[in-house]
Structure formats: C-alpha cells, structure tokens
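Before any comments, here is the structure.
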Amino acid sequence: MSPTNQKAAVVREVGDAHALKVEHDFPTPQIKPGQVIVKNQYAGINFIDTYHRKGLYPRDLPFVGGQEGGGIVAAVSDEAAAEGIKVGDPVAYSVFGTYAQYTAVPASKLLPVPEGVGLDVATSCVVQGLTAHYLTTSAHADLIKPGEWCLIHGVGGGTCQWAAQMAKLRGFKVIGTCSKGKADIAKTLGCDELIVLNEVEGASYEDYESVDIVARVMEVTEGKGCKAVIDGIGKSTVDISINSLAHRGIFVSFGNASGAVPAFPVLRLIGKSAYVTRPKLLDYTVDRAELVWRANEVFGWLKEGKLNVSVDRCFPLDEAAEGHLYLEAGKSKGKVLYQID
C-alpha cells in the first residue's frame with residue numbers, strides 16, 4: 001500500500017513557475033470504488049499545466065499540477081480488479097494531479113502500456129499523442145482528404161511533432177513551420193515543405209513575421225491554400241492561419257503558446273466560406289472505447305516504428321519550477337517530463 005504522505009508539486013496561489021512548490025508531506029490519495037492508485041514514474045509537462053498554474057484556466061486551489069502520468073499500478077479497487085487490472089501493471093493515463101508520487105485514477109482512464117513501449121514514451125503519448133491523433137483524425141471534420149494540403153505550426157516541438165507525422169500517416173500533404181533552432185528535428189518528420197523561421201528570444205514560439213508564410217503556402221499549394229490548418233500558437237498566427245486556408249478549409253485552433261486568439265468577426269470567414277473550431281482532448285475521448293481506439297492506434301504506430309517520439313529532457317520532480325521554465329522558454333525539441341522517485 002502507498003504511504004499516508006507523499007512528495008507532490010502543488011500550486012497554492014496562481015503565479016509564475018515558482019508558484020509550483022514541491023511539498024514532501026502532501027496527503028496521498030485514498031482509493032475509491034472504480035479507481036486504482038498508480039505509483040508514478042513519470043509525469044508529462046504540457047502547456048495546459050502552465051495555463052492552470054497561471055490561472056488562465058482556473059482550478060480550485062490548492063491543487064497538484066499535471067494531468068499526464070505513467071507508472072505502475074500500486075492498488076486496485078474491487079471494480080478495477082473485476083476489469084482485469086492487477087497490481088504491477090504498467091499504465092499511462094490522463095487525470096489531474098500527476099506531479100506526485102501517487103495518483104488516484106479511474107480504471108476507465110487507464111491505458112495499458114504494451115511490451116516494447118517504454119513508460120517515458122507512453123507517458124509522452126497520453127496528452128500530446130492523443131491530442132495530435134484527434135487533431136489529424138477527427139477535429140478537421142473530414143474537410144481535408146488524403147492528398148490535400150495541411151499547414152501545421154510549430155512542428156519542431158511537442159504536440160505538433162506528433163501531428164506532422166500522423167498527418168502524413170493519414171495521407172495528407174504537410175507544410176510545417178518551425179524555428180531555426182529546431183529545424184534539425186523538424187526535418188526528420190517527413191513534411192513535404194518546411195518553413196523555417198527566426199527565433200524569439202526566451203519565447204516558446206517562433207517569429208511568425210520573419211517569413212511571409214501565407215505567400216509561401218500559396219506558392220507551394222499553387223494558389224489553392226490548405227484544407228486544414230492546425231494551430232497551437234494562437235495570437236501570433238491567427239491571421240496567417242485564416243489567410244492560408246483553401247476554400248471551405250478549416251482553421252483548427254487548439255492552443256495559446258503566444259497568447260489567446262483575440263476575438264474576430266465571423267465575417268472574416270466569408271471570403272473562403274471557411275470553418276473554425278476550438279477543440280479540446282476531453283471532447284475527443286468521450287468514452288473508454290474512443291480513448292482506447294486512439295491510444296491503440298498511437299501505440300501501434302510506435303511499436304511499428306512509424307512514429308518517432310523525441311523525449312527531450314527529464315527533470316526530477318524536485319525541480320518542478322525549472323521544468324515549467326524550460327517549456328515556457330521554448331527550449332524543448334520534444335517531450336519534457338518529470339521523473340518521479
């Protein structure tokens with residue numbers, strides 16, 4: 001059984017990265033019906049965690065950070081045992097409170113990690129991998145077909161490294177944007193065209209004014225534009241994304257790395273009868289069947305060597321603030337994790 005208290009990175013007041021405080025006597029969660037307790041080995045660090053920490057996406061205080069974990073099942077409820085879950089099973093999952101030694105997880109949220117996939121890679125898959133999966137599979141509402149063009153911003157790091165590869169697996173032609181410092185990674189992803197941008201010092205995004213991206217997109221697509229634009233950058237790219245669309249194309253806005261997308265009049269979409277969506281992962285993993293379908297496809301690609309996942313850096317949980325600072329400074333060339341002892 002797990003001890004009464006545990007180490008956890010806790011937010012008691014929202015703020016900068018140093019609002020994330022490591023505590024050594026935080027209460028260990030108690031198992032409830034239908035749950036398991038996971039002894040975490042890794043926790044993923046994602047931009048959404050920084051939005052929670054800053055209060056951009058409010059949560060009740062205090063809270064344990066994180067929403068992506070991987071580890072070994074330490075205790076099972078009767079209901080979880082009836083589903084065949086056993087102590088010692090390697091699992092990955094997404095629920096709040098993963099920046100800790102132990103997390104209580106509903107059995108319905110567990111993803112069994114297949115042999116041959118490391119727990120660090122499996123943990124990396126849960127938010128970024130599944131997000132990239134729904135972005136390239138479902139969020140575009142089938143408005144893009146195989147053989148048509150897709151623009152994906154920020155393919156040098158994080159979620160969009162996955163998305164670029166998955167878009168190619170779906171048969172789309174891909175234009176990626178990335179910074180000069182991440183071009184080496186981006187060149188390995190199989191994009192049909194890569195637009196390399198200057199860097200913004202100390203920021204998690206590129207200088208999107210350093211190249212006329214829309215002109216380049218139109219040149220590459222022979223004036224047609226892209227049927228889908230996948231954009232996790234936000235404020236800096238909204239105009240580029242809308243102006244890069246093809247007729248009846250869709251602007252998929254899923255993140256705010258450069259700040260939230262400002263309000264814009266719906267009339268802006270009339271020129272191309274364009275679509276816009278602002279999706280989130282929970283709405284694309286609405287039940288266990290959908291969650292497992294997406295995870296199995298991603299894990300299958302990993303095992304077959306069709307996806308190249310880059311774990312960029314592991315921070316010990318004791319360096320919780322440093323992990324957030326690293327991500328927000330745009331230094332990562334892949335997944336950033338906490339290693340939990």
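Take the solvent-accessible surface of the protein heavy atoms, probe 1.4 Å, and return the percent of it on the chain that carbon and sulfur atoms account for. Display every interim value, and only then the final one.
Details: 7420 of 14400 Å².
Within the chain, the accessible surface is 52 percent carbon and sulfur.
With both bridge residues required to lie in the chain, what share of the DSSP beta bridges run antiparallel, to the nearest 5%?
Numbers: 31 of 56 bridges.
Counting only bridges with both partners in the chain, antiparallel ones make up about 55 percent.
Within the set of other residues whose C-beta is less than 15 Å from the C-beta of Glu201, count the net charge using Lys and Arg as +1 and Asp and Glu as -1.
-2
Order these peptides, 325-333, 230-238, by their mean beta-carbon neighbour count within 10 angstrom, highest first. Mind dumping the intermediate values first?
Values: 325-333: 19.4, 230-238: 23.4.
Sorting 325-333, 230-238 by mean packing, highest first, produces 230-238, 325-333.
Per residue and in cubic angstrom, what volume does the convex hull of the Cα atoms of region 110-155 have? Numbers along the way, then the final one.
Values: hull volume 5.6 nm³, N = 46.
Spread over its residues, the Cα hull of region 110-155 gives 121 Å³ apiece.
Would you mind checking the pairs Lys235/Lys331; Lys145/Lys182; Lys145/Lys235 and listing those with alpha carbons more than 24 angstrom apart? Mind showing how you got there, number by number?
Numbers: Lys235/Lys331 20 Å; Lys145/Lys182 28 Å; Lys145/Lys235 27 Å.
Checking Cα-Cα distances, Lys145/Lys182; Lys145/Lys235 exceed 24 Å.
Using a 1.4 angstrom probe on the protein heavy atoms only, line up Leu169, Leu20 by accessible area, largest first. It would help to have the intermediate numbers written out before the result.
Working: Leu169 70, Leu20 10 Å².
Reading off the accessible areas and sorting them downward yields Leu169, Leu20.
What does the charge count around Gly190 come to, taking other residues whose C-beta lies under 13 Å from its C-beta (Lys +1, Arg +1, Asp -1, Glu -1)?
Values: positive: Lys168, Arg170, Lys173, Lys187, Lys306; negative: Asp192, Glu193.
Net local charge, Gly190 excluded: +3.
When the helices in the chain are scored as -39500 (n - 2.57) per DSSP H run of 4 or longer and the sum is shared across all residues, what 222 nm value do you end up with, to the nearest 500 deg cm²/dmol?
On the way: 10 runs with 81 residues, N = 341.
Dividing the helical sum by the residues of the chain leaves -6500 deg cm²/dmol.
So how do Trp162, Trp293 rank on accessible area, 1.4 Å probe, biggest first, that is with the largest at the start? Working shown, then result.
On the way: Trp162 10, Trp293 115 Å².
From most exposed to least exposed: Trp293, Trp162.
Can you work out the accessible area per residue across region 257-341, with the rest of the protein chains kept in place, probe 1.4 Å, in square angstrom?
Working: 4460 Å² over 85 residues.
For region 257-341, the solvent-accessible area averages 52 Å² per residue.
Taking +1 at the Cβ of each Lys and Arg and -1 at the Cβ of each Asp and Glu, which of Cys314, Val336, Phe299 sits farthest along the dipole of region 289-341 towards its positive end, judged by Cα position relative to the Cα centre?
Looking along the dipole axis, the top candidate is Phe299.
Using packing as a proxy for protection, rank 26-39, 100-113, 188-201, 118-131 so that the peptide with the highest average count of other Cβ atoms within 10 Å comes first. Walk me through the numbers before you get to the answer.
Numbers: 26-39: 18.4, 100-113: 21.7, 188-201: 16.9, 118-131: 25.4.
In decreasing order of mean packing, 26-39, 100-113, 188-201, 118-131 become 118-131, 100-113, 26-39, 188-201.
Summing +1 for each Lys or Arg and -1 for each Asp or Glu, what net charge is found among the other residues whose Cβ lies under 10 Å from the Cβ of Lys7?
On the way: positive: none; negative: Glu23, Asp25, Asp318, Asp341.
Counting the neighbours of Lys7, the net charge comes to -4.
The values are calculated or read from the model by the stated rules, or taken from the named source; none is laboratory data. Because the structure is a prediction, the values reported are computed rather than measured. FYI the Cβ positions are ideal-geometry reconstructions off the backbone, even for glycines, and counts take in every protein chain you see. In case anyone asks, the SASA skips ligands and DNA or RNA and just uses the protein heavy atoms, side chains included. Shrake-Rupley method; radii C 1.70, N 1.55, O 1.52, S 1.80 Å.
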